[in-house]
Amino acid sequence: MAAGFKTVEPLEYYRRFLKENCRPDGRELGEFRTTTVNIGSISTADGSALVKLGNTTVICGIKAEFAAPPADAPDKGYVVHSCRVFLSVPNVDLPPLCSSRFRSGPPGEEAQVASQFIADVIENSQIIQKEDLCISPGKLSWVLYCDIICLDYDGNILDACTFALLAALKNAQLPEVTINEETGLAEVNLKKKSYLNIRTHPVATSFAVFDDTLLIVDPTGEEEHLATGTLTVVMDEEGKLCCLHKPGGSGLTGAKLQDCMSRAVTRHKEVKKLMDEVIKSMKPK
C-alpha cells in the first residue's frame, strides 16, 4: 500500500515523513548518509581516492605531466579538471550507466554545471597554489589532470566529487625533478617523491529545500527531484566561504542561509576528521 502511494503521490509521501522530522530512509533532516573514503585506489595514478556517500560513489584520479609554464605566468603550473562520469570524455557526462534518469548523448545541463562547480572550487579555494607546480621558471612546470568519475549516482554528486578531489590531491606524490644545466633537459628521480602542498581543505555541504521553507542535508536523487530548490556551501578549515552554489529554485532567508553555513562548518570538521584518520591509518608504523 505504501509503495503504491509513493508511486502515485511521491511528494505527499515525503511530506508525511518530513512532518515527523524524519525521512523515508530513516534519517533525520540534518543527518548525512554514511560516508567512506578509500585513498590510493588507482595504482597507476599519482594520487587517487574513492568516496561513497550513501549509494553515490565517485572516484578521482590525479595524473601529473610536464608542460611549459604559461607565457603570461612563467612561475606557475596548471591544474586541469575533467569531471567524467564513467565515460572517457573531456566534460562531465552522466550516462544511463550511473542512473536511469540520464540519457546518452552530449553532456546535459547537470553535467556541465558539475564541471564548472569543480573548477570554481579549485580556483576559489586556492587548494593548490599554481606557483607550487613550477619546476623551473619559464622552462618547466607540472600539469595536474584531475579526473572525477561517478560510478553510481544517487544524489548529492557535488559533495562527493569535492571530497574525492581533496582526498586524491592529499594522496598525490610527485617525483623530484631537476634541470640539467648542460643539456637543459629534465632529470626525474622516481625514488624521491614528495606530497603536494595542499593550502586549504575545501569541503562541500549540500541542502535541498522542500515547500520553499524546509531544509534537509545530503539529499538523495529522489529528494533532489522533489525539492523546490538546492544549495551547496563550500567552506575551508578556517570557516571561510569558498563557494556558494544556488542553481535557482526557492529563495532562502538570511537566517536560513546562516543556518546552512553553520552546518557546513560542522560538516567540514566531520569530513576532515574522517580523511585524516584514513590517511594516518595508511602511514607505515
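The values are calculated or read from the model by the stated rules, or taken from the named source; none is laboratory data. Since the structure is predicted, the reported quantities are computational estimates derived from the model, not experimental observations. FYI the Cβ positions are ideal-geometry reconstructions off the backbone, even for glycines, and counts take in every protein chain you see. Just the protein is used for accessible areas: all its heavy atoms, side chains included, with ligands, DNA and RNA removed. Shrake-Rupley method; radii C 1.70, N 1.55, O 1.52, S 1.80 Å.
Here are some notes:
- For the range 229-235, backbone phi angles converted through the Karplus equation (6.51, -1.76, 1.60; θ = phi - 60°) give residue-by-residue couplings of x, 9, 8, 10, 10, 10, 10 Hz, Gly and Pro being listed as x.
- Cα-projected label distance for GLU277 with LYS139, points at 7 Å along beta-carbon direction, nm: 4.7 nm
- Efficiency of FRET from Cβ geometry, GLN258 and ASN55, R₀ 22 Å, rounded to 0.05: 0.10
- List TYR145, TYR153, TYR195, ordered by accessible area with a 1.4 Å probe, largest first: TYR195, TYR145, TYR153
- Percentage relative contact order, the range 168-259, counting C-alpha pairs under 8 Å, at least six apart: 20 percent
- A simple spin-label model places the labels of ASN189 and ASP120 4.2 nm from each other, with each point 7 Å out along Cα-to-Cβ.
- When the listed pairs LYS52/LYS256; LYS130/LYS283; LYS170/LYS273; LYS130/LYS170; LYS19/LYS269; LYS191/LYS272 are checked against a 20 Å cut-off, the alpha-carbon distance exceeds it for LYS52/LYS256; LYS130/LYS283; LYS19/LYS269; LYS191/LYS272.
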